[in-house]
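The values are calculated or read from the model by the stated rules, or taken from the named source; none is laboratory data. Nothing here was measured: the structure is a model prediction, and the numbers come from that model. Glycine also receives a Cβ, built like all others from the backbone with ideal geometry; neighbour counts cover every protein chain displayed.
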Amino acid sequence: MKVVIIFCASSFYNDLKKIYRSSGVDAYSEFDVKGYTQKHIKDGQVPNWFASNKDYYDSIASFSFLNDERGSELLNQITLFNNDIDCCNPMHAYMLDVEKFI
């Protein structure tokens, strides 16, 4: 069994739901995340992410427990999505082994 964890900007939330559907993922959990950065570019300015004027970034974190094949398909769909966007913040996904569960 695998757990796939995905982070994406809130503006890509509807795209993420479409990716879940097209990958055949029937169940997943999600929660809102506020992301902060300490990175600075020249002249001490904070990098602009989706033209935000806030000091944090609205994101979505989601996860699903899947078999290896379904997890790989989900990661493939996210890779395709990331390759098609012309933006500074792609989706990030991680597939990890579930060692034990009850």
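If we keep just the residues of segment 86-102 that are outside any strand (DSSP E or B) and surrounded by 13 or more Cβ atoms within 10 Å (Cβ to Cβ), which is nearest to the chain's Cα centre (by Cα)?
Among those that are outside any strand (DSSP E or B) and surrounded by 13 or more Cβ atoms within 10 Å (Cβ to Cβ), it is Met91.
State which residue is farthest from Ser11 (Cα to Cα) when the search covers only segment 60-80 and only residues that are crowded, with 19+ Cβ neighbours inside 10 Å and touching an Asp or Glu at 6+ places or on another chain (Cβ under 7 Å).
Here the answer is Ser62.
For residues that are aliphatic (A, V, I, L, M) and assigned to a loop (DSSP other than H, G, I, E, B), scanning just segment 7-47, find the one that is modelled with the lowest pLDDT.
It comes out as Val46.
Pairs needed: first member in segment 74-101, under 15 Å from Ala61 (Cα atoms) and modelled with pLDDT under 95; second member anywhere, of a type in the set (Gly, Ala, Ser) and surrounded by fewer than 16 Cβ atoms within 10 Å (Cβ to Cβ); C-beta distance under 9 Å; at least 6 residues apart or different chains.
Listed by first residue and then by second, the contacts come to Asn89/Ser11.
Can you confirm whether Gly71 is at pLDDT below 95, out of contact with any His (no Cβ under 9 Å at 6 or more places or on another chain) and not β-branched (Val, Ile, Thr)?
The answer is no for Gly71.
Considering only residues of segment 1-29 that are among the β-branched types (Val, Ile, Thr) and over 13 Å from Met91 (Cβ atoms), which is farthest from the chain's Cα centre (by Cα)?
Taking the candidates together, the pick is Val25.
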